[in-house]
Amino acid sequence: MAGIDVSVALPPSSGSTELITAAEELGYRRAYLFDTPFEGDDIWLGLHRAAEVTTTIELGPGVLIPTQRHPLVNAALTVSLHHIAPGRVVAGFGTGFSSRAAVGQPPIRWSYVEHYVRAYCDLLAGGAAEWEGEPIALMLPAAQTDVLPLRIPLLIAAIGPRGFDVARRVGADGVISMFKALPNQRDYARAVVAVMGTVVDESEDPTGERVRRAVGAPWAAATYHLVYTSQGPEAVRQMPGGCAWLDVIEKFPRRERHLHAHRGHMVEMNEADMAAWHAGGHVSVPSVTLTGSAAAVGKAVAEMANDGATEIMYEPSGPDIARELSAFMSAARG
């Protein structure tokens, strides 16, 4: 679609390289990988693999969770990725809401995110950064020093005023929101909206097995996982299928429940997610995901562009990601 970039976001895996290559062929502008090491693969390894076999698609983390790596590590790996894909690297940061929840921790404080991002940017600028009370720096070999200073597009995942304030203070190029464009995003050159869902064929049952397999994992993450973490079990209980979801989760010891609540996050439905779906929770799919006919999906993308979005970050799921990528791009262009 003219006037808006269409990008893809995926969990890092042994298959993500092939999917990013397919996305490049379909015309996706950027490919992001999630920072979800608890699901078994590494974000930077996945980005480097993709950089080696692509030529035009831009690549980056969407988004990095500061507490998972020292800032020198993320800065060094950014430089490394730039060596393979110069001019094609972008970086995003956030408070790690879901990734932190999966290990039983709250989101990172915005003050820490700001301190971390400033250190990261200072390192890429070729100077020293203050970290843990001491100066740190990228001390590159003589043959590589000409890569610094390195300035790459910087994104901050934010949906509230504190996040937007941090994005402004660190000089971010853009802000990533969820589900819809936010008014404050108009202040940035890049207004990225993350969406999930599937394009439903004309003769297809919108509650059928193919749709469940394609959209069930992100649907559960955007409903039960999110609400359970942010509002607690009583809020989940009020949702369609929420009691069935809690019946599964509350079988486990309290201190282990986060491990079961977030299992399969954005990749596959866990036991609780399946229980909620079959208990009628699937009725919320249209309200929390971008799921519908090609015409409906295309209209929704156009409306986001009219609201100020410059980029759609599509997060496909299910056993046939190639089909999802092709169908979504066709709908968005239509």
Can you name the residue in the range 48-76 that is over 19 Å from the mean Cα position of the chain (by Cα) and not β-branched (V, I, T) and is also surrounded by the fewest Cβ atoms within 10 Å (Cβ to Cβ) among such residues? E52
Tally up the residues in the range 197-216 that are surrounded by 13 or more Cβ atoms within 10 Å (Cβ to Cβ), of a type in the set (D, E, K, R) and under 16 Å from A295 (Cα atoms), please. 2
Some residue of the range 105-117 being surrounded by fewer than 19 Cβ atoms within 10 Å (Cβ to Cβ) and at positive phi: no
Checked pairs for the range 142-168, first without any contact (Cβ under 8 Å) to a residue 60 or more places away in the chain, second in a strand (DSSP E or B) and of a type outside the set (F, W, Y), C-beta under 6 Å and 6 or more apart or across chains, list as I159/S177; A167/I156; A167/V175
What about A85, is it of a type outside the set (S, T, N, Q), without any contact (Cβ under 8 Å) to a residue 60 or more places away in the chain, surrounded by 17 or more Cβ atoms within 10 Å (Cβ to Cβ) and in contact with a helix residue (DSSP H, G or I) (Cβ under 6 Å, 6 or more places away or on another chain)? yes
Within the set of pairs 6 or more residues apart or between chains, which connect a residue that is closer than 17 Å to E39 by Cβ inside the range 257-281 to a residue that is modelled with pLDDT of 95 or more and of a type in the set (D, E) with Cβ atoms less than 6 Å apart? none
The range 304-327 - residue that is out of contact with any helix residue (DSSP H, G or I) (no Cβ under 7 Å at 6 or more places or on another chain) and not aliphatic (A, V, I, L, M) and, of those, nearest to A221 (Cα to Cα): D320
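The values are calculated or read from the model by the stated rules, or taken from the named source; none is laboratory data. Quick caveat, the model's predicted, so the values are computed rather than measured. When we count neighbours, we look across all protein chains shown, and the Cβ atoms used for this are built from the backbone with ideal geometry, even at glycine.
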